[in-house]
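A short worksheet on the structure shown next.
The values are calculated or read from the model by the stated rules, or taken from the named source; none is laboratory data. Just so it is clear, the model here is predicted, and its values are computed rather than measured. Here the Cβ positions follow ideal geometry from the backbone for every residue, glycine too, while neighbour counts run over all protein chains shown. Accessible surface is based on the protein model in full, side chains and every heavy atom, while ligands, DNA and RNA are left aside. Shrake-Rupley method; radii C 1.70, N 1.55, O 1.52, S 1.80 Å.
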Amino acid sequence: MRILIACPTLGISSEVWILRQIEGFANLGHDLSVVCWQQAGYEPQRFTDKPVEALPFDLPLEGGLGRWLKRAKHATSRNFVRGSVKEEEAIKELLIRVRPDVVLCHFGHVAMRILPVAKKLGIPVTAHFHGADLSSKLSNRWYRWTLAHEARRFDQVVVVGSHQARLLHGLGVQDSRLSLIPCGVPTDQFHPEPRLAREEVCFIQVSRIVPWKGIEQALRAFAQVHAEHGNTRFKVIGEGDQLDAMKRLASELGIDQAVRFMGALPPDRVVEAFQESDVFLQHSLTHDSGWCEGFGVSIAEAASMGLPVVVTRSGGIPDQVVDGETGFLVEERDIQRMASAMLDLVDQPEKRQEMGQAGHQRMREHFDSAGQIAKLERVLQKAGS
């Protein structure tokens, strides 16, 4: 197939699954082109010999004094997410030049910007939803109204969590056009290695340091654990607006000597950090904006590495974790229950090992990237047929 992959920003470390899909499709022999609105540290020649197309336009849902005029203009089409006339002309020129068999659009707002142009040209569109595009963005009525109107016009729709599938079913998307395909994890890269015997038990979290990833709740739970077991440590990998505040909180809780904020790390260093750890934590929260977790990529990576996980029943996370078998699921903001689960794993190394093995096996059987990309390939073939 000749596939055009469209995404808002290319190269964000927290969206590594886009790069994995590009690599996977390239390995399957498809003719790939990539378009984005912004680039961030991506090497265009890594997986394809074609340069990445960058559209010179902003990608906000709305803004500026002309937004009401724009809404009035698009009232007939009922697509209030559409870009400017110049942007649509650039998209049209790109589609005519590339002539894709199908366009794979990452995130709903990208799909709804490309859909009007692609429909006129008779090019199939597959919308791939992930997280904010089916949670926090729904708080904007213009986005919500557009999604309700356009959802049934996509040739195929992909979601990463069962909670998202239920939402789109409610908007009239039929089973024949809706596929649940989590992002997955490359289990050949993230696989367990024998762990060296050590006295310390190390917890780890890999995520953006933002309120909805629950760093604060994880630190408070760790403080309870560390008070009972001084041989525990907590590594936090990632960057974000809350970094300084979380460092201050660790100091206030008296655990700053046991907590290490490591910043953002490249994939090979993340693998090393997982190898040097014993339990993965992530206290994801449903944010005030409505945001909730779509698919926890770092949760899948940790489980694939043989780490038991202690995570929340938030968004799509329950799809990934078998409570009591591959880790523990706790309710959002239940710090006491999280600490209790962590203590359980500190006290029982054999349980850590059993849960870690079960988690790795579950990732291999149900969430391996190669298998997920093969499923997505079939969806694109269906859309283009």
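For the range 192-257, take the convex hull of the Cα atoms, compute a quarter of its surface area, and give me that in nm², please.
Numbers: hull surface 20.2 nm².
The directionally averaged projection comes out at 5.1 nm².
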Ignoring ligands, DNA and RNA, what percent of the accessible area of the range 67-221 is carbon or sulfur (1.4 Å)? 54
If one compares the long axis through the Cα atoms of helix 215-228 with the longest principal axis of the Cα atoms of the chain, the angle in degrees, nearest 10, works out at 10
Dividing the alpha-carbon radius of gyration of the chain by 2.2 N^0.38 Å, where N counts its residues, gives 1.02
So what are the ³J(HN,Hα) numbers for the range 335-349, from phi and the Karplus equation (6.51, -1.76, 1.60; θ = phi - 60°), rounded to whole Hz, Gly and Pro as x? 5, 4, 5, 5, 4, 5, 5, 5, 5, 4, 6, 5, 6, 10, x
Heavy-atom accessible area order for K375, K235, K351, largest first, 1.4 Å probe: K375, K351, K235
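Quick one: order L285, L167 from most to least accessible surface, probe 1.4 Å.
Values: L285 10, L167 60 Å².
Sorted descending by solvent-accessible area, the residues read L167, L285.
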How high is the FRET efficiency between A26 and I96 when r is their beta carbon distance and R₀ equals 22 Å, given to the nearest 0.05? 0.40
Per residue, what volume in Å³ does the convex hull of the Cα atoms of the range 221-287 enclose? 109
Calculated diffusion of the range 162-303, Stokes-Einstein form, Kirkwood radius summed over Cα pairs, 4 °C and 1.567 mPa s, µm²/s: 77
Distance in nm between R152 and V85 label points, each 7 Å along Cα→Cβ, equals 3.2
Using alpha carbon centers only, the range 108-125 is separated from the range 193-266 by a whole-angstrom value of 43
Got a sec? Charge dipole of the chain, +1 on Cβ for Lys and Arg, -1 for Asp and Glu; which of H191, A132, V322 is way out at the positive end? A132
Can you list the HN-Hα couplings for the range 289-302, worked out from phi with the Karplus curve (6.51, -1.76, 1.60; θ = phi - 60°), rounded to whole Hz and with x for Gly and Pro? 6, x, 4, 9, 5, x, 9, x, 4, 5, 5, 5, 4, 5
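If the only charges are +1 at each Lys and Arg Cβ and -1 at each Asp and Glu Cβ, what is the size of the charge dipole of the chain around the Cα centre, to the nearest 20 debye? Present the calculation step by step, with values, prior to reporting the outcome.
Values: 45 positive and 48 negative charges, 412 e Å.
For the chain, the charge dipole is close to 1980 debye.
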Which residues among the range 169-205 fall inside the zone where the amide N is under 11 Å from a point 7 Å beyond the Cα of K382, along Cα→Cβ? 174-181
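Express the relative contact order of the chain as a whole percentage, based on alpha carbon pairs under 8 Å and six or more residues apart in sequence.
Working: 699 pairs, mean separation 61.1, N = 385.
Relative contact order, the chain: 16 percent.
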